[in-house]
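Enquirer: The structure is given below, and queries will be raised subsequently.
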Amino acid sequence: MTNSNKDEDQSFNIDKFYKDYLKGPIIFKKREALEPSFIPNELPHRDYEIEKIAAITACALKGDVAPNLLCYGMTGTGKTATVRYISQKLAQHCKGNTPWWIYINCNVVSTPYRILAHIYNTINQKEKIPPTGLPKDIIFKKLLGLLDIRIKHSICFLVLDEIDILIEKKGGNEILYDLTRLNENLDYCRTSLIGISNKLKFIDYLDSRVTSSLGEEEPIVFHPYNANQLADILKQRAGIAFPEGIIEDGVIKLCAGLAAKEHGDARKALQLLRKAGEIAERRHNKSISESHVQRAQKDIDKDHVVEYILSMPLQSQLTITAIFLLRKYNKQHIITSGDIYDVHSELSNRIPGIKQLTKRRISDYINELALAGLISAITTSMGHYGRTKIINLDIDMSLVERVLNQIPKIKMANLLNIKPTLLQTDKVRLKNNVFKKLL
Ligand SMILES: Nc1ncnc2c1ncn2[C@@H]1O[C@H](COP(=O)(O)OP(=O)(O)OP(=O)(O)O)[C@@H](O)[C@H]1O
Ligand SMILES: [Mg+2]
């Protein structure tokens, strides 16, 4: 994000910018090697998982159907990469009919209808099924016919990535049941399902008929990486992505250490290294240093804050707006949950269709914001005022202002320029003076 006020009177010279960019030092040799979709030739520290899945799927080399399979583990533990890697390896070793792999990300292709249409359209590139409209039994029959005609005596792996999202949807269990029973209705082709999930508890929500079919094999569990394992993964990818000598000592270790703290997520580790490289490139530095990694970490945290606030419900956004306004118009004011309640009510009156909340609900929103690390809320004894919750904003005011300004209802009602009425009352001022002495 750029600071829009910074150079309002100096116009940006795009020609000079591009020329300077091209003249800058070369930091990346192959940038895409750090992208999440890149599949390396080796996956360090996933031997056990690769061996297990390879053993289960090997029968496809001889044209036999493999048992259905489930993989699960935390985010960034290499589940998707491992399954894609195995699909490539299996194809390399296949002498007869190469198996088909149809990859479905249930977060993107998210309804039962679309899943069937996606499978059909991937196999049949010519005649596509429309994104909505056909009855399910018709599309199902068409799919069965197509599998037998096009795939014939081969095996078709159906990979359902982020399968937990499908289970939460209406008809999710039903479509899974249908997919697990495809083989009973096929004459030649055979299908195997591979489900991938990062929610360990999702199996509890599966219909028992689906569990028995998907759970033929013990699920493959992907454990989080430790800092040393992440360092090995980073070294391998850095070797492909950067020219020799670009990365200073300590950079890989720092990225690995930071990502290991966040549940051993390889995606996070790679994202840090890529961002650090981009920062070095933008600054025209010749190498990547630990300070670039630290800057990258701050940027990523900021992005998370922005995403988090934008995805909150409006009432919660108004709660943080109330805290922002109290701080904006009086830097010394000690903010209590009662103050937030008052300002929140004042703000809700300005947005049509928004109802005022009870003190209880506001207190819930305050707790959620504190849990997310955006604010801190500490309960303190305030003499005859009793126990009071004191709130502090833990993120940068300018960042909060920038994000809140992106929320149409807040921007349209010009809420960020409203001085809270309570800051202008003597009663509140007196109470605050007492609080200041007590703290
Ligand atoms: N052992 C490994 N060796 C090399 N790269 C890896 C390894 N494990 C993960 N990665 C890389 O880390 C990134 C994240 O991995 P992947 O997408 O497979 O995670 P995931 O377990 O599917 O996570 P999610 O549950 O969030 O989808 C990818 O860029 C992947 O290539
Ligand atoms: Mg994945």
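The values are calculated or read from the model by the stated rules, or taken from the named source; none is laboratory data. Owing to the predicted nature of the structure, the values given are computational and were not obtained by experimental measurement. Cβ sites come from the backbone with ideal geometry, for glycine too, and all protein chains shown count toward neighbours.
Enquirer: Being within 16 Å of ligand 2 (Cβ to nearest atom) and either touching a helix residue (DSSP H, G or I) at 6+ places or on another chain (Cβ under 6 Å) or over 18 Å from residue 80 (Cα atoms) (or both) is the filter here; which residues of the stretch 195-224 pass it?
Expert: 195, 196, 197, 199, 202, 220, 222
Enquirer: Which of (1) within 23 Å of the chain's Cα centre (by Cα); (2) over 30 Å from residue 56 (Cα atoms); (3) within 16 Å of ligand 1 (Cβ to nearest atom) is the odd one out, the single condition residue 221 does not satisfy?
Expert: Condition not satisfied by residue 221: (2).
Enquirer: Still on this structure: If a residue counts only when it is surrounded by 12 or more Cβ atoms within 10 Å (Cβ to Cβ) and away from ligand 2 (no atom under 16 Å from the Cβ), which helices (runs of 4 or more DSSP H) contained entirely in the stretch 10-119 have at least 2 such residues?
Expert: 47-57, 79-93
Enquirer: Filter the stretch 383-412 for residues that are in contact (Cβ under 8 Å) with a residue 24 or more places away in the chain and either more than 31 Å from the chain's Cα centre (by Cα) or not assigned by TED's automatic domain parsing to the domain that holds residue 341 (or both) and give the result.
Expert: The answer is 383, 385, 388, 389, 390.
Enquirer: Among the numbered criteria (1) within 16 Å of ligand 1 (Cβ to nearest atom); (2) touching a Phe, Trp or Tyr at 6+ places or on another chain (Cβ under 8 Å); (3) not in a helix (DSSP H, G or I), which one does residue 191 miss?
Expert: (1)
Enquirer: For the stretch 358-382, how many residues meet the condition of being among the charged types (D, E, K, R) and touching a residue at least 40 places away in the same chain (Cβ under 8 Å)?
Expert: 2
Enquirer: Give just the number: which of (1) among the hydrophobic types (A, V, I, L, M, F, W, C); (2) part of a strand (DSSP E or B); (3) farther than 18 Å from residue 344 by Cβ does residue 390 not satisfy?
Expert: Result: residue 390 fails condition (3) only.
Enquirer: Among the candidates 293, 306, single out the residue that is surrounded by fewer than 18 Cβ atoms within 10 Å (Cβ to Cβ), assigned to a helix (DSSP H, G or I) and touching a residue at least 24 places away in the same chain (Cβ under 8 Å).
Expert: None of the others qualify; the one that does is 306.
Enquirer: If only one of 246, 300, 288, 233 is in contact with a Gly (Cβ under 6 Å, 6 or more places away or on another chain) and either crowded, with 21+ Cβ neighbours inside 10 Å or of a type in the set (A, V, I, L, M, F, W, C) (or both), which one is it?
Expert: 288
Conditions (1) among the small types (Gly, Ala, Ser); (2) assigned by TED's automatic domain parsing to the domain that holds residue 118; (3) within 13 Å of ligand 1 (Cβ to nearest atom), marked per residue:
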site: 52; (1), (2), (3): no, yes, no
site: 56; (1), (2), (3): no, yes, no
site: 76; (1), (2), (3): yes, yes, yes
site: 80; (1), (2), (3): no, yes, yes
site: 90; (1), (2), (3): no, yes, no
site: 94; (1), (2), (3): no, yes, no
site: 98; (1), (2), (3): no, yes, no
